[in-house]
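Only one structure is covered here, and it is reproduced in the block below.
The values are calculated or read from the model by the stated rules, or taken from the named source; none is laboratory data. Source: prediction; values computed, not measured. For neighbour counting, all protein chains shown are included, and Cβ atoms are generated from backbone atoms with ideal geometry for every residue, glycine included.
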Amino acid sequence: MELTKSEMEIMDVLWEDGGELSRADFLERSEEKSWKDSSVHILLNGLLRKGIIREAGIVKRTKTYGRTFLPTMTREEYFAAVVFSYRHKPDPVALVKALVSRKDLEQRLVRKGEDPVQAKEAVAWMEDLHLVDDRNTAEQVVHSCISKGYGLARAKQALFEKRIPKEYWGEALAEYPDQMEYILRFLRKSLDAEPDDRQVKKAVDALLRRGHSYGRIREGLQLISVETDDFLED
């Protein structure tokens, strides 16, 4: 099972959120997408047929009801399956997209039911072909976090979750850019001209989940003239 570019964009939103999402949620949270709003139901039905998502429940939005969805596997489990399927005919593009470390890939393959010895041999074979490289994966993970506007804390979390050896963290994070521009863009998009505390808190929580600090978020709010004293603390 392989996903199209548009399907991967849908799954990225679902994996990043970690909770149940409705059709409307996907439309709201897909900041940079290659698909049209009118095609989201087609993409979701396609993902249901492929078995990578499942229906989780029903939610009411305004006067209508809609389905919510959850993934049936993690991002790493999906890419581990793709990588292992190419063991005898490797696809470098698929391997690069996987963003997995040597240790992470080996453990994911075992979880998928592969024999531990064969999984170890498969990963060693990929490493010999330079298809698995922890230093390169660390750089790719950090680059991905930067492109998504994540804060430094989220990048460190991503490296930890990918089981990247810490000896590669410093080099990968050495030139992590300031993300104030992203914070401001996100706040302007999320807040009304005169937002109430509830709306501001929702935007702040979203930025915190993306790895930005209270201090930097407060600076951003102040730059767009939003009062912060009542609900933000360092």
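Are any residues in the range 203-224 over 26 Å from VAL142 (Cβ atoms) and surrounded by 14 or more Cβ atoms within 10 Å (Cβ to Cβ), and if so, which ones?
Result: LEU221, single match.
If you check SER6 against the conditions, is it within 19 Å of ARG75 (Cα to Cα), modelled with pLDDT of 85 or more and of a type in the set (Ser, Thr, Tyr)?
Against the criterion (within 19 Å of ARG75 (Cα to Cα), modelled with pLDDT of 85 or more and of a type in the set (Ser, Thr, Tyr)), SER6 qualifies.
State whether the residues of the range 214-223 include one that is part of a loop (DSSP other than H, G, I, E, B), out of contact with any Phe, Trp or Tyr (no Cβ under 6 Å at 6 or more places or on another chain) and farther than 30 Å from GLU76 by Cβ.
The answer is no; no qualifying residue exists.
For the range 153-172, name all the residues that are assigned to a helix (DSSP H, G or I), of a type in the set (A, V, I, L, M, F, W, C) and out of contact with any Gly (no Cβ under 9 Å at 6 or more places or on another chain).
Within the range 153-172, LEU159, PHE160, TRP169, ALA172 qualify.
Show me the helices (runs of 4 or more DSSP H) found entirely inside the range 69-137 where at least 3 residues are within 18 Å of the chain's Cα centre (by Cα), within 25 Å of LYS5 (Cα to Cα) and modelled with pLDDT under 75.
Fully inside the range 69-137 and qualifying: 75-85, 92-98.
Suppose we filter the range 8-66 for residues that are touching a strand residue (DSSP E or B) at 6+ places or on another chain (Cβ under 9 Å), in a helix (DSSP H, G or I), within 30 Å of GLY211 (Cβ to Cβ) and of a type in the set (A, V, I, L, M, F, W, C); how many remain?
The number of residues fulfilling the criteria is 9.
Take the residues in the range 32-63 that are under 25 Å from SER144 (Cα atoms) and without any contact (Cβ under 8 Å) to a residue 24 or more places away in the chain, then tell me which one is surrounded by the most Cβ atoms within 10 Å (Cβ to Cβ).
ASP37
For PHE160, only one of the following conditions fails: (1) of a type in the set (Phe, Trp, Tyr); (2) farther than 16 Å from GLY215 by Cβ; (3) in contact (Cβ under 8 Å) with a residue 24 or more places away in the chain. What is its number?
Failed condition: (3).
In the range 163-196, how many are in contact (Cβ under 8 Å) with a residue 40 or more places away in the chain and crowded, with 17+ Cβ neighbours inside 10 Å?
2
Please determine, by comparing only the residues of the range 175-187 that are assigned to a helix (DSSP H, G or I) and farther than 16 Å from ARG29 by Cβ, which one is nearest to the chain's Cα centre (by Cα).
ILE183
Could you tell me which of the residues GLN140, GLN199, GLN157, GLN107 is under 30 Å from ASP25 (Cα atoms), among the polar types (S, T, N, Q) and crowded, with 16+ Cβ neighbours inside 10 Å?
Unique residue meeting the criteria: GLN140.
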